[in-house]
Amino acid sequence: MKRPFITKAQAEEIIKDNPTPFHIYDEKGIRENARALKAAFSWNKGYKEYFAVKATPNPTILKILHEEGCGLDCSSLAELILAERCGVTGNDIMFSSNDTPAEEFIKCASLGGTINLDDITHIDFCLKALGGKLPSRMSCRFNPGGLFTLGAGGEGFQVMDKPGDAKYGMTEEQIIEAYKRLSSLGVKELGIHAFLASNTVTNDYYPALAAILFKLALKIREEAGVTLSFINLSGGVGIAYRPDQTPNDIAVIGEGVRKAYEEILVPAGMGDVAIYTELGRFMLAPYGHLVTKATHVKHIYKEYIGCDACAANLMRPAMYGAYHHITVLGKEDAPCDHVYDITGALCENNDKFAIDRELPEINIGDILVIHDTGAHGFAMGYNYNGRLWSAELLLREDGSVVKIRRAQTIDDYLATLNGYWDTI
Ligand SMILES: *Cc1c(COP(=O)(O)O)cnc(C)c1O
């Protein structure tokens, strides 16, 4: 059973100063989880998590994670600037982007971050952008093509993704060529990166990916004469959005990667390769709630509960049909004897946080918690229908609440209009 990290009484107190809807994050949960991840990989001397900034691009959150020893994985100029403003630079920045503008490579290099090249043509592109001199530490993104499957058949889970249809990364042939070229251009420290499946809810994804990359690392040493310094398992470790799913056990995942490391890399004399991760969802999703109020009850062919949040505040259900658990505060233990669609105000029929969801009876004014919105929640917000971004709040470890981003205003919404309309 999923329990919110705030109670009804707490929510009512918070709402006095912060009208719904808002996103709220749980600092205690974030820190404990970051420590569990670090412990799970403590067997690897060079281990570092680079939090995927795109999941929750709020500087307060980034600073908390940096305090816990995380670097930042950026993918755009704005994210690089966020990292810089948080005092995160040098080897604490990973830059994994694609179709990258020249100015972003320049910014990353000026911060001393590690550029992760998405394509073999980016070597020359980057060389030109940086005035003929590459940084001393770089990475290449690998795409094995075909299908990536895991656990197919009888093991109670299956992961399948299609790297062959994904726009990211280089083929094996290209990546070997890329390492030869980069090392001839004087790049001293080289790494590899791959992201083959998203939101995996199994302890076997990272170990399977690690084995693929570790074997490839041996081949790269043999064929390109390059010994990799780091291997980046990227993101993709998921969370249990549904209450009946078994959450991943990060300690088991860390042990699985260690086993592959000891079987493949250590005997080959590569026992000092650093392991990196770039988790986003796993780091933040469970530690964020979208808090909204029921504002309308509508009965036509189905029962609808309208609320003051909409897909502009959380796009995942509309975009992916994603499940997000919902709790009606104060009715945590009431019987779920009603069936509702929970809707937002957008003029789009996919603006539904839940469809045919069994919930307790909901009355106007009830406070709803939409769970697991801490990653790819606020971050994917948009202004369709003139709906504005909500505030973001942080529940501190001492129980106090601070605003870490104010809500967007109508003035913000109008700010990019340049006044031409007034002259005609
Ligand atoms: C999105 C992304 C991540 C994080 O993915 P999660 O599924 O949130 O863990 C990591 N690395 C890169 C390059 C990404 O694009």
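The values are calculated or read from the model by the stated rules, or taken from the named source; none is laboratory data. The structure presented is a predicted model; accordingly, all values stated were derived computationally and were not measured. Reconstructed Cβ throughout: ideal geometry from the backbone, glycine too, with neighbour counts over all protein chains shown. The area values use the complete protein model at the heavy-atom level, side chains included, leaving out ligands, DNA and RNA. Shrake-Rupley method; radii C 1.70, N 1.55, O 1.52, S 1.80 Å.
Think of the chain as a dipole: +1 on every Lys or Arg Cβ, -1 on every Asp or Glu Cβ, centred on the Cα centre; then among His193, Trp421, Val252, His193 lies furthest on the positive end. Taking 10 °C and 1.306 mPa s as conditions, region 27-285 diffuses translationally at an estimated 86 µm²/s according to Stokes-Einstein applied to its Kirkwood radius (Cα pairs).
What the pair-distance distribution of region 62-140 shows, using all Cα-Cα distances binned every 5 Å from zero, is 3, 17, 31, 24, 15, 6, 3, 0 percent. The packing ranking of peptides 393-400, 49-56, highest mean first, is 49-56, 393-400, where packing means the average number of other beta carbon atoms within 10 angstrom of each residue. Expressed as a whole percent, the accessible area of the chain that falls on carbon and sulfur atoms is 50 (1.4 Å probe).
Restriction of the GluC sites (Glu not before Pro) in region 89-178 to DSSP coil positions whose beta-carbon has at most 14 other beta-carbons within 10 angstrom yields Glu155. Packing here is the average count of other Cβ atoms within 10 Å per residue, and on that basis the peptides 229-236, 382-389, 291-298, 303-310, highest first, run 229-236, 303-310, 291-298, 382-389. Spatially, region 53-67 and region 196-267 are offset by 24 Å when compared through their Cα centroids. Taking every Cα-Cα distance in region 326-400 and sorting them into 10 Å bins from zero, the calculated P(r) comes out as 15, 41, 34, 10, 0 percent. Solvent exposure of the chain, expressed per residue, is 45 Å² of accessible area, with all protein chains present and a 1.4 angstrom probe. In whole angstrom, how far apart do the alpha carbon centroids of region 323-390 and region 7-42 sit? So the two Cα centres are separated by 18 Å. The helix-based estimate of mean residue ellipticity at 222 nm for the chain, built from -39,500 (n - 2.57) per DSSP H run of four or more residues and divided by its residue count, is -8000 deg cm²/dmol to the nearest 500. From most to least packed by mean Cβ count within 10 Å, the peptides 281-288, 204-211 give 281-288, 204-211. Each other residue within a Cβ distance under 11 Å of Phe353 adds +1 if Lys or Arg and -1 if Asp or Glu, for a net charge of +1. An oblate overall shape is assigned to region 286-413, the ratio a/c of its alpha-carbon gyration tensor axes (a ≥ b ≥ c) being 1.5 or greater and a/b not exceeding b/c.
When the charge dipole of region 119-268 is built from unit charges on Cβ atoms (+1 for Lys and Arg, -1 for Asp and Glu) and taken about the Cα centre, the candidate among Ala268, Leu228, Asn203 whose Cα reaches farthest toward its positive end is Leu228.
Taking 21 Å as the straight-line reach from the Cα of Lys45, the lysines in range (excluding those fewer than 8 positions away in the same chain) are Lys188, Lys215, Lys259. Close amide H partners of Leu346, meaning residues 5 or more places away or on another chain with modelled amide H under 5 Å apart, are Ala311. The angle between the Cα long axis of helix 27-40 and the longest principal axis of the Cα atoms of the chain comes to about 30 degrees, rounded to the nearest 10. Taking the chain as the reference, fit the longest principal axis to its C-alpha atoms, fit the long axis of helix 102-111 to the helix C-alpha atoms, and give the angle between the two in degrees, 0 to 90, nearest 10. The angle comes out near 80 degrees. Here region 286-413 is assigned +1 on the Cβ of each Lys and Arg and -1 on the Cβ of each Asp and Glu. Its dipole about the Cα centre then comes out at about 360 debye.
For region 1-134, the alpha-carbon radius of gyration amounts to 1.30 times the rule-of-thumb value 2.2 N^0.38 Å expected for a compact globular protein. Estimated translational diffusion coefficient (Stokes-Einstein, Kirkwood radius over Cα pairs, 37 °C, 0.692 mPa s) of region 180-306: 189 µm² per second. Each Lys and Arg adds +1 at its Cβ and each Asp and Glu adds -1 at its Cβ; summed about the Cα centre, region 242-337 shows a dipole of about 500 debye.
Put a plus charge on the Cβ of each Lys and Arg, a minus charge on the Cβ of each Asp and Glu, and nothing anywhere else: the dipole of the chain about its Cα centre is then about 680 debye.
Over the C-alpha trace of region 88-220, radius of gyration and Dmax come out as 16.1, 55 angstrom.
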